[in-house]
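Asks: Structure below; questions to follow.
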Amino acid sequence: MRQLFSKADLRALSSILAVVILLGSAPLTAGIVIRSGSSQPEITANICHPSQTFDTVSSTLLARPATTTHESILLDLGAITANVTVQLIDYRVAPDTPPPRFAA
């Protein structure tokens, strides 16, 4: 069975894959930039960037969030009054019986 890639090709491909995964896992705020050089692409890094920021997730938005318009609708339902009903209280209690008198 014939091999598709030689050993040297597999090493080169695995190195390229490792670099791509490394660059893809770095946050966008890490200061690593790929830019076009005079004859080939160059990878530049901001060496003054603190290394503590490599464990943070960048919050760079790829697209603006959709804008929503809030519309407040106040309906005029008229005046609201509280109708208080008058309740008569029947508070008639039978009088207490007088205490018994003791003969002295």
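Any read-out appearing in this document is the output of simple, stated calculations on the displayed coordinates, not a laboratory observation. It should be emphasised that the depicted structure is a prediction, and the values quoted were computed from it without experimental measurement.
Asks: Want the number for residue 46 to residue 13: 0.36 nm per residue separation, take away the alpha-carbon distance, what's left?
Replies: 9.2 nm
Asks: Around residue 32, which amide H atoms from residues at least 5 apart in sequence, or from another chain, sit under 5 Å from its own amide H, with H modelled in the peptide plane?
Replies: 46
Asks: Hey, another quick one. Provide the gained length on full extension for the span residue 103 to residue 4, in nm with one decimal, where the gain is 0.36 nm per separating residue minus the Cα-Cα distance.
Replies: 22.7 nm
Asks: Now for a separate question. Subtract the Cα-Cα distance of residue 90 and residue 67 from 0.36 nm times their separation in residues, and report this length gain in nm to one decimal.
Replies: Fully extending the segment from residue 90 to residue 67 adds 1.9 nm.
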